[in-house]
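The values are calculated or read from the model by the stated rules, or taken from the named source; none is laboratory data. Worth saying up front: this structure is predicted, and the values here are computed from it rather than measured. No Cβ is skipped: glycine too gets one built from the backbone with ideal geometry, and neighbour counts run over all protein chains shown. Side chains are part of the model used for accessible areas, which takes the heavy atoms of the whole protein and leaves out ligands, DNA and RNA. Shrake-Rupley method; radii C 1.70, N 1.55, O 1.52, S 1.80 Å.
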Amino acid sequence: MSITREEVLKALSYVEDPDLKKDLVTLNMIEDVLIEGNRVSFSVVLTTPACPLKSMIENACRNAILHFVSKEADLHINMTSRVTTPKNVGVPGVKNIIAVASGKGGVGKSTVAVNLALGLAKTGAKVGLIDADIYGPSIPIMFGLEGARPQASEVNGKTRIEPIEKYGIKLLSIGFFTDPNQPVPWRGPMVSTALKQLFNDAEWGELDYLVVDLPPGTGDIHITLTQTFPVAGAVIVTTPQNVALADAKKGIGMFMMETINVPLLGIIENMAYFTPAELPENKYYIFGQGGGQKLASQLNIPFLGEIPLVKSISDSGDAGAPVILQENNPMSAAFMDLAERVAQQVAIRNAKSTDGAGVR
(Lines give C-alpha, C1' and ligand atoms only; values in the text may rest on other atoms or scores of the structure.)
Protein backbone atom coordinates (compact mmCIF):
# COMPACT_ATOMS: atom_id res chain seq x y z
CA MET A 1 0.00 0.00 0.00
CA SER A 2 1.20 3.51 -0.81
CA ILE A 3 2.06 5.94 1.94
CA THR A 4 -0.39 8.83 2.40
CA ARG A 5 0.08 12.36 3.68
CA GLU A 6 -2.48 11.70 6.39
CA GLU A 7 -0.46 8.75 7.69
CA VAL A 8 2.69 10.86 7.86
CA LEU A 9 0.97 13.68 9.77
CA LYS A 10 -0.71 11.18 12.09
CA ALA A 11 2.66 9.63 12.91
CA LEU A 12 4.27 13.03 13.48
CA SER A 13 1.43 14.00 15.81
CA TYR A 14 3.03 11.61 18.31
CA VAL A 15 6.23 13.72 18.35
CA GLU A 16 6.14 16.41 21.02
CA ASP A 17 8.23 19.55 21.24
CA PRO A 18 9.85 19.06 24.68
CA ASP A 19 9.80 22.79 25.42
CA LEU A 20 6.35 23.74 24.16
CA LYS A 21 4.69 20.52 25.42
CA LYS A 22 2.58 20.06 22.28
CA ASP A 23 2.99 17.88 19.22
CA LEU A 24 4.67 19.17 16.07
CA VAL A 25 1.53 18.97 13.94
CA THR A 26 -0.58 20.99 16.38
CA LEU A 27 2.23 23.56 16.57
CA ASN A 28 2.27 23.86 12.74
CA MET A 29 5.93 22.89 12.71
CA ILE A 30 5.56 20.36 9.86
CA GLU A 31 5.65 21.76 6.34
CA ASP A 32 6.32 20.71 2.72
CA VAL A 33 5.19 17.10 3.09
CA LEU A 34 5.96 15.30 -0.17
CA ILE A 35 5.44 11.61 -0.92
CA GLU A 36 6.74 9.78 -4.00
CA GLY A 37 6.31 6.03 -3.59
CA ASN A 38 8.38 5.08 -0.52
CA ARG A 39 10.20 8.41 -0.51
CA VAL A 40 8.88 10.67 2.26
CA SER A 41 10.19 14.21 2.70
CA PHE A 42 9.06 17.05 4.95
CA SER A 43 10.41 20.07 6.80
CA VAL A 44 10.45 20.53 10.56
CA VAL A 45 10.29 24.27 11.28
CA LEU A 46 11.93 24.88 14.66
CA THR A 47 11.38 28.07 16.65
CA THR A 48 15.07 29.03 16.51
CA PRO A 49 18.16 27.93 14.57
CA ALA A 50 19.87 27.69 17.97
CA CYS A 51 17.53 24.95 19.19
CA PRO A 52 19.57 22.63 21.47
CA LEU A 53 17.06 19.80 20.91
CA LYS A 54 17.35 19.77 17.11
CA SER A 55 18.94 16.31 16.81
CA MET A 56 16.56 14.78 19.34
CA ILE A 57 13.49 16.10 17.51
CA GLU A 58 14.84 14.89 14.15
CA ASN A 59 15.42 11.38 15.55
CA ALA A 60 11.95 11.33 17.10
CA CYS A 61 10.40 12.23 13.71
CA ARG A 62 12.41 9.54 11.95
CA ASN A 63 11.41 6.88 14.50
CA ALA A 64 7.74 7.90 14.32
CA ILE A 65 7.57 7.47 10.54
CA LEU A 66 9.42 4.15 10.58
CA HIS A 67 7.28 2.81 13.43
CA PHE A 68 3.80 4.11 12.55
CA VAL A 69 3.97 4.38 8.74
CA SER A 70 6.51 2.06 7.13
CA LYS A 71 9.86 0.51 7.99
CA GLU A 72 10.70 0.77 4.29
CA ALA A 73 10.20 4.52 4.09
CA ASP A 74 13.04 6.45 2.45
CA LEU A 75 13.09 9.47 4.76
CA HIS A 76 14.37 12.95 3.94
CA ILE A 77 13.90 15.41 6.82
CA ASN A 78 14.78 19.07 6.36
CA MET A 79 15.44 20.68 9.77
CA THR A 80 14.92 24.41 9.36
CA SER A 81 13.74 27.27 11.55
CA ARG A 82 11.61 30.38 11.70
CA VAL A 83 12.35 32.48 14.76
CA THR A 84 9.25 33.33 16.77
CA THR A 85 8.49 36.72 18.24
CA PRO A 86 6.45 38.06 21.18
CA LYS A 87 2.90 39.25 20.67
CA ASN A 88 4.03 42.90 20.45
CA VAL A 89 6.95 44.01 18.31
CA GLY A 90 8.30 47.54 18.85
CA VAL A 91 11.18 47.96 16.39
CA PRO A 92 10.34 47.28 12.72
CA GLY A 93 12.10 44.16 11.47
CA VAL A 94 13.37 43.11 14.92
CA LYS A 95 11.74 39.92 16.21
CA ASN A 96 13.19 39.68 19.71
CA ILE A 97 14.92 42.14 22.05
CA ILE A 98 17.05 40.41 24.69
CA ALA A 99 18.26 42.50 27.64
CA VAL A 100 21.49 41.47 29.38
CA ALA A 101 21.63 43.00 32.85
CA SER A 102 23.38 42.77 36.20
CA GLY A 103 22.79 44.27 39.60
CA LYS A 104 26.40 45.43 39.93
CA GLY A 105 29.41 46.16 37.77
CA GLY A 106 32.44 43.97 37.34
CA VAL A 107 30.61 40.68 36.82
CA GLY A 108 31.47 40.33 33.13
CA LYS A 109 28.08 41.35 31.78
CA SER A 110 29.45 42.87 28.57
CA THR A 111 31.59 39.80 27.91
CA VAL A 112 28.49 37.62 28.25
CA ALA A 113 26.42 39.93 26.02
CA VAL A 114 29.05 39.97 23.27
CA ASN A 115 29.62 36.21 23.22
CA LEU A 116 25.87 35.56 23.49
CA ALA A 117 25.19 37.72 20.42
CA LEU A 118 27.98 36.08 18.44
CA GLY A 119 26.82 32.63 19.53
CA LEU A 120 23.30 33.29 18.26
CA ALA A 121 24.76 34.51 14.97
CA LYS A 122 26.89 31.37 14.62
CA THR A 123 23.73 29.25 14.61
CA GLY A 124 22.51 31.13 11.53
CA ALA A 125 20.32 33.74 13.22
CA LYS A 126 20.36 37.41 12.17
CA VAL A 127 21.66 39.31 15.19
CA GLY A 128 22.24 42.88 16.32
CA LEU A 129 23.95 44.20 19.46
CA ILE A 130 23.34 47.52 21.21
CA ASP A 131 25.84 48.74 23.78
CA ALA A 132 23.50 50.70 26.06
CA ASP A 133 26.05 51.10 28.84
CA ILE A 134 26.09 54.87 28.46
CA TYR A 135 28.69 55.54 31.15
CA GLY A 136 31.13 52.76 30.29
CA PRO A 137 30.66 51.49 26.73
CA SER A 138 33.06 48.59 26.12
CA ILE A 139 31.71 47.03 22.92
CA PRO A 140 34.02 49.12 20.65
CA ILE A 141 37.07 47.67 22.44
CA MET A 142 35.74 44.11 22.42
CA PHE A 143 35.19 44.26 18.66
CA GLY A 144 38.38 46.15 17.85
CA LEU A 145 36.40 49.17 16.71
CA GLU A 146 37.84 52.00 18.79
CA GLY A 147 37.47 55.22 16.84
CA ALA A 148 34.91 53.74 14.45
CA ARG A 149 32.01 55.94 13.40
CA PRO A 150 28.75 54.65 11.87
CA GLN A 151 27.67 56.02 8.51
CA ALA A 152 24.41 57.88 7.98
CA SER A 153 21.99 57.47 5.09
CA GLU A 154 18.79 59.08 3.85
CA VAL A 155 15.71 56.84 3.90
CA ASN A 156 12.37 58.40 2.87
CA GLY A 157 13.70 61.84 3.69
CA LYS A 158 14.92 60.83 7.17
CA THR A 159 18.49 60.42 8.34
CA ARG A 160 19.18 56.86 9.45
CA ILE A 161 22.19 55.46 11.31
CA GLU A 162 23.86 52.49 9.64
CA PRO A 163 25.02 49.97 12.29
CA ILE A 164 28.60 48.79 11.91
CA GLU A 165 28.86 45.14 10.86
CA LYS A 166 31.57 42.84 12.17
CA TYR A 167 31.83 39.09 12.76
CA GLY A 168 28.39 38.66 11.19
CA ILE A 169 26.38 40.91 13.50
CA LYS A 170 25.25 44.55 13.44
CA LEU A 171 26.58 46.86 16.18
CA LEU A 172 25.78 50.22 17.69
CA SER A 173 27.33 51.72 20.80
CA ILE A 174 27.23 55.07 22.53
CA GLY A 175 31.00 54.70 22.39
CA PHE A 176 30.86 55.25 18.60
CA PHE A 177 29.54 58.78 19.17
CA THR A 178 31.64 59.98 22.12
CA ASP A 179 35.29 60.67 22.86
CA PRO A 180 36.65 57.52 24.56
CA ASN A 181 38.97 59.67 26.67
CA GLN A 182 36.20 61.85 28.06
CA PRO A 183 33.45 61.04 30.60
CA VAL A 184 29.79 61.26 29.57
CA PRO A 185 28.08 63.45 32.20
CA TRP A 186 24.54 63.07 30.87
CA ARG A 187 21.39 63.62 32.85
CA GLY A 188 18.44 61.21 32.74
CA PRO A 189 16.47 62.76 29.82
CA MET A 190 19.59 62.90 27.64
CA VAL A 191 20.37 59.28 28.41
CA SER A 192 16.84 58.17 27.54
CA THR A 193 16.87 60.10 24.27
CA ALA A 194 20.20 58.59 23.26
CA LEU A 195 18.94 55.06 23.93
CA LYS A 196 15.78 55.60 21.89
CA GLN A 197 17.86 56.86 18.97
CA LEU A 198 19.93 53.67 18.96
CA PHE A 199 16.70 51.75 18.42
CA ASN A 200 14.50 54.05 16.38
CA ASP A 201 16.98 55.96 14.20
CA ALA A 202 19.07 52.96 13.13
CA GLU A 203 18.59 50.92 9.98
CA TRP A 204 18.61 47.50 11.65
CA GLY A 205 16.90 45.63 8.79
CA GLU A 206 15.58 42.16 9.59
CA LEU A 207 16.89 40.73 12.88
CA ASP A 208 15.97 37.58 14.76
CA TYR A 209 17.59 38.84 17.96
CA LEU A 210 18.72 42.26 19.15
CA VAL A 211 20.88 41.85 22.26
CA VAL A 212 21.09 44.90 24.54
CA ASP A 213 24.03 45.25 26.93
CA LEU A 214 22.59 47.31 29.80
CA PRO A 215 24.61 49.27 32.37
CA PRO A 216 24.85 47.91 35.92
CA GLY A 217 22.10 48.71 38.39
CA THR A 218 18.46 49.67 37.83
CA GLY A 219 18.43 53.19 36.41
CA ASP A 220 17.08 55.38 33.63
CA ILE A 221 18.34 53.15 30.81
CA HIS A 222 16.55 50.09 32.19
CA ILE A 223 13.27 51.93 32.71
CA THR A 224 13.40 53.58 29.27
CA LEU A 225 14.13 50.27 27.52
CA THR A 226 11.43 48.24 29.28
CA GLN A 227 8.72 50.89 29.08
CA THR A 228 9.41 51.95 25.48
CA PHE A 229 10.17 48.66 23.73
CA PRO A 230 8.66 45.16 24.13
CA VAL A 231 11.56 43.14 25.54
CA ALA A 232 11.29 39.40 24.85
CA GLY A 233 13.20 38.62 28.02
CA ALA A 234 16.07 39.52 30.31
CA VAL A 235 19.24 37.59 31.13
CA ILE A 236 20.79 38.29 34.54
CA VAL A 237 24.57 37.96 34.95
CA THR A 238 26.04 37.42 38.40
CA THR A 239 29.08 35.97 40.11
CA PRO A 240 28.95 33.52 43.04
CA GLN A 241 29.70 36.06 45.81
CA ASN A 242 26.90 37.04 48.17
CA VAL A 243 27.35 40.74 47.41
CA ALA A 244 26.86 40.11 43.69
CA LEU A 245 23.89 37.83 44.32
CA ALA A 246 22.22 40.44 46.53
CA ASP A 247 22.49 43.03 43.75
CA ALA A 248 21.38 40.50 41.13
CA LYS A 249 18.25 39.87 43.18
CA LYS A 250 17.49 43.61 43.05
CA GLY A 251 17.90 43.60 39.29
CA ILE A 252 15.57 40.62 39.01
CA GLY A 253 13.08 42.39 41.25
CA MET A 254 13.03 45.36 38.88
CA PHE A 255 12.14 43.22 35.87
CA MET A 256 9.38 41.55 37.91
CA MET A 257 7.76 44.85 38.95
CA GLU A 258 4.19 45.19 37.75
CA THR A 259 4.97 48.39 35.83
CA ILE A 260 7.83 46.68 33.97
CA ASN A 261 6.93 42.96 33.84
CA VAL A 262 9.70 41.64 31.57
CA PRO A 263 10.06 37.83 31.37
CA LEU A 264 13.23 36.48 32.95
CA LEU A 265 15.05 34.13 30.60
CA GLY A 266 17.40 33.02 33.37
CA ILE A 267 20.55 33.57 35.41
CA ILE A 268 24.13 33.14 34.20
CA GLU A 269 26.86 32.64 36.79
CA ASN A 270 30.04 34.18 35.39
CA MET A 271 33.50 33.58 36.91
CA ALA A 272 31.93 30.54 38.55
CA TYR A 273 35.28 28.85 39.11
CA PHE A 274 38.91 29.22 38.10
CA THR A 275 40.48 26.76 35.69
CA PRO A 276 44.22 27.14 34.99
CA ALA A 277 45.27 26.63 31.38
CA GLU A 278 47.78 23.92 32.33
CA LEU A 279 45.14 21.98 34.35
CA PRO A 280 41.93 22.30 32.28
CA GLU A 281 40.13 19.58 34.28
CA ASN A 282 40.61 21.34 37.63
CA LYS A 283 38.02 23.68 39.10
CA TYR A 284 38.78 26.10 41.93
CA TYR A 285 35.73 27.86 43.38
CA ILE A 286 37.57 30.95 44.58
CA PHE A 287 34.44 33.16 44.81
CA GLY A 288 32.12 30.57 46.38
CA GLN A 289 30.10 27.84 44.73
CA GLY A 290 26.59 27.47 43.34
CA GLY A 291 25.28 30.91 44.32
CA GLY A 292 23.68 31.63 40.94
CA GLN A 293 22.04 28.22 40.77
CA LYS A 294 20.63 28.60 44.30
CA LEU A 295 19.24 32.04 43.45
CA ALA A 296 17.58 30.70 40.28
CA SER A 297 16.04 27.87 42.30
CA GLN A 298 14.76 30.25 44.99
CA LEU A 299 13.09 32.52 42.41
CA ASN A 300 11.92 29.63 40.18
CA ILE A 301 13.63 30.92 37.05
CA PRO A 302 15.96 29.01 34.69
CA PHE A 303 19.63 28.62 35.48
CA LEU A 304 21.43 29.06 32.16
CA GLY A 305 24.82 27.77 33.19
CA GLU A 306 28.27 28.56 34.55
CA ILE A 307 31.05 30.42 32.76
CA PRO A 308 34.49 29.82 34.32
CA LEU A 309 37.12 32.41 35.13
CA VAL A 310 39.64 31.80 32.33
CA LYS A 311 42.27 34.28 31.20
CA SER A 312 41.65 33.60 27.50
CA ILE A 313 38.13 35.05 27.81
CA SER A 314 39.31 38.47 28.97
CA ASP A 315 42.38 38.42 26.71
CA SER A 316 40.28 37.78 23.61
CA GLY A 317 37.88 40.57 24.52
CA ASP A 318 40.75 43.01 25.03
CA ALA A 319 42.17 41.96 21.67
CA GLY A 320 38.90 42.71 19.85
CA ALA A 321 38.23 39.05 18.96
CA PRO A 322 35.77 37.50 21.49
CA VAL A 323 36.58 33.98 22.64
CA ILE A 324 33.56 32.37 20.96
CA LEU A 325 35.25 32.99 17.60
CA GLN A 326 38.00 30.49 18.53
CA GLU A 327 36.82 27.15 17.20
CA ASN A 328 38.99 24.88 19.35
CA ASN A 329 38.65 26.78 22.61
CA PRO A 330 36.46 24.98 25.21
CA MET A 331 35.19 28.37 26.33
CA SER A 332 33.72 28.84 22.85
CA ALA A 333 31.65 25.70 23.40
CA ALA A 334 30.50 27.02 26.79
CA PHE A 335 29.20 30.24 25.23
CA MET A 336 27.57 28.35 22.34
CA ASP A 337 25.71 26.24 24.90
CA LEU A 338 24.63 29.45 26.62
CA ALA A 339 23.36 30.93 23.33
CA GLU A 340 21.28 27.81 22.65
CA ARG A 341 19.77 27.91 26.15
CA VAL A 342 18.84 31.58 25.82
CA ALA A 343 17.26 31.04 22.38
CA GLN A 344 15.36 28.09 23.83
CA GLN A 345 13.95 30.23 26.65
CA VAL A 346 12.97 33.01 24.21
CA ALA A 347 10.99 30.49 22.14
CA ILE A 348 9.25 29.14 25.26
CA ARG A 349 8.32 32.65 26.44
CA ASN A 350 7.07 33.63 22.99
CA ALA A 351 4.84 30.55 22.89
CA LYS A 352 3.36 31.47 26.27
CA SER A 353 2.80 35.08 25.22
CA THR A 354 0.73 34.00 22.21
CA ASP A 355 -0.97 30.94 23.70
CA GLY A 356 0.48 28.84 20.88
CA ALA A 357 3.70 28.35 19.03
CA GLY A 358 4.53 32.02 18.79
CA VAL A 359 3.89 34.48 16.01
CA ARG A 360 5.52 33.24 12.80
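Would you compute, from DSSP H runs of 4+ residues alone, the mean residue ellipticity of the chain at 222 nm, taking -39500 (n - 2.57) per run and dividing by the full residue count, rounded to the nearest 500?
Details: 10 runs with 120 residues, N = 360.
Theoretical 222 nm ellipticity from helices: -10500 deg cm²/dmol.
On a 0 to 90° scale, report how tilted helix 109-122 is relative to the longest principal axis of the chain, with both axes built from alpha carbons and the result rounded to the nearest 10.
Taking Cα atoms only, the helix is inclined about 30 degrees.
Out of PRO86, VAL8, PRO140, whose Cα points farthest toward the positive end of the dipole of the range 1-153 (charges: +1 Lys, Arg; -1 Asp, Glu; placed on Cβ)?
Of the options given, the answer is PRO140.
Leaving out ligands and nucleic acids, and using a 1.4 Å probe, what accessible area per residue does the chain come to in Å²?
Ligands and nucleic acids excluded, the figure is 46 Å² per residue.
How much of the DSSP bridge set in the chain is antiparallel, in percent, rounded to the nearest 5? Kindly include the intermediate steps, with their values, before the conclusion.
Details: 17 of 55 bridges.
Counting only bridges with both partners in the chain, antiparallel ones make up about 30 percent.
Based on the Cβ-Cβ distance of ILE223 and ASP201, what FRET efficiency does E = 1/(1 + (r/R0)^6) give at R0 = 22 Å, to the nearest 0.05? It would help to have the intermediate numbers written out before the result.
Values: r = 20 Å, r/R0 = 0.91.
That gives a FRET efficiency of 0.65.
By its C-alpha gyration tensor, with a ≥ b ≥ c as the square roots of the eigenvalues, how is the range 1-62 shaped: rounded for a/c under 1.5, else prolate for a/b larger than b/c, else oblate? Write down the numbers at each step before the final one.
Values: a/c = 2.23, a/b = 1.83, b/c = 1.22.
Cα axes put the range 1-62 in the prolate bin.
If I stretch the segment between THR4 and LEU66 completely, what's the gain in nm (0.36 nm per residue apart, minus their alpha carbon distance), one decimal?
21.0 nm
Starting from the Cα of LYS21, step 7 Å along the direction of its Cβ; do the same at ASP179; then give the gap between the two resulting points in nm.
About 5.7 nm separates the two model spin labels.
Straight-line reach from LYS311: which aspartates and glutamates have Cα under 17 Å away, leaving out those fewer than 8 places along the same chain?
Filter leaves GLU269, GLU278, GLU281, GLU327.
Quick one: Cα convex hull volume of the chain, Å³ per residue?
Dividing the Cα hull volume of the chain by its residues yields 159 Å³.
Taking a ≥ b ≥ c as the square roots of the eigenvalues of the Cα gyration tensor of the range 179-304, is the shape rounded (a/c under 1.5), prolate (a/b larger than b/c) or oblate?
On the way: a/c = 1.94, a/b = 1.61, b/c = 1.21.
Because a/c hits 1.5 or more and a/b exceeds b/c, the range 179-304 counts as prolate.
When a/c is below 1.5 the answer is rounded, else prolate if a/b is larger than b/c, else oblate, so apply that to the range 234-360 with a ≥ b ≥ c taken from the square roots of the Cα gyration tensor eigenvalues.
Note, shape of the range 234-360 comes out oblate.
Would you mind checking LYS95/LYS352; LYS109/LYS166; LYS109/LYS352; LYS54/LYS109; LYS126/LYS158; LYS249/LYS294 for any pair whose Cα atoms are more than 22 angstrom apart?
In this structure, LYS109/LYS352; LYS54/LYS109; LYS126/LYS158 exceed 22 Å between Cα atoms.
Gaussian network model of the chain, Cα springs within a sub-10 Å range: biggest mean-square fluctuation belongs to which of ILE301, ILE169, ILE221?
Its mean-square fluctuation being the largest, the pick is ILE301.
Could you tell me the distance between the Cα centroids of the range 284-338 and the range 1-50, to the nearest Å?
36 Å
Between 0 and 90 degrees, rounded to the nearest ten: what's the tilt of helix 330-354 against the longest Cα principal axis of the chain?
Value to nearest ten degrees: 70.
In the range 228-316, what percentage of the DSSP-assigned beta bridges are antiparallel, given to the nearest 5?
Antiparallel bridges: around 10 percent, rounded to the nearest 5.
Give me the aspartates and glutamates in straight-line cross-link reach of LYS283: C-alpha distance below 13 Å, same-chain residues under 8 apart excluded.
GLU306
Once neighbouring chains are kept in place and the probe is 1.4 Å, which whole percent of the accessible area of the chain is contributed by carbon and sulfur? Can you show the working numbers first?
On the way: 8120 of 16490 Å².
Carbon with sulfur: 49 percent of the solvent-accessible area.
Kindly state, to the nearest 0.05, the FRET efficiency for ALA277 paired with GLU31, given R0 = 56 Å and r defined as their beta-carbon distance. The partial results should precede the final answer.
On the way: r = 47 Å, r/R0 = 0.84.
Efficiency, rounded to the nearest 0.05: 0.75.
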